[in-house]
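The structure appears right after this line, and notes come after that.
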Amino acid sequence: SKAIVDGNLKLILGLIWTLILHYSISMPMWDEEEETEESKQKTPKQRLLGWIQNKLPELPITNFSRDWQSGKALGALVDSCAP
């Protein structure tokens, strides 16, 4: 709580990401995804990457670092979610 009051952005963003991982990414909620044995074995990061690849089939997204540096992937993802 002290980090939030002090405005420690790094810790606040880490907390938000942890909440997202726990409550959203680890659950089968996207595009009526069904819980299969294969999806149970994937990490939340792998599931998020799979969702992005489904949203952006025209872009070769394989990671969360190099493929996002130009901004094209982020722009295309935003456009696919809210055209």
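Readers should treat all values here as calculations from the given coordinates under stated rules, not as data from a laboratory. Owing to the predicted nature of the structure, the values given are computational and were not obtained by experimental measurement. For neighbour counting, all protein chains shown are included, and Cβ atoms are generated from backbone atoms with ideal geometry for every residue, glycine included.
Take each of the peptides 48-59, 70-81, 3-14, average the number of other beta-carbon atoms within 10 Å over its residues, and list them starting from the highest.
48-59, 70-81, 3-14
Here the Karplus curve 6.51 cos²θ - 1.76 cosθ + 1.60, taken at θ = phi - 60°, turns the phi angles of region 56-65 into couplings of 10, x, 7, 10, x, 8, 10, 7, 10, 10 Hz, with x standing for Gly and Pro. The slack between ASN8 and LEU21, meaning 0.36 nm per residue of separation minus the straight C-alpha distance, is 2.7 nm. If you take all other residues with their beta carbon under 11 Å from the beta carbon of LEU21, and give Lys and Arg +1 and Asp and Glu -1, the sum is +2.
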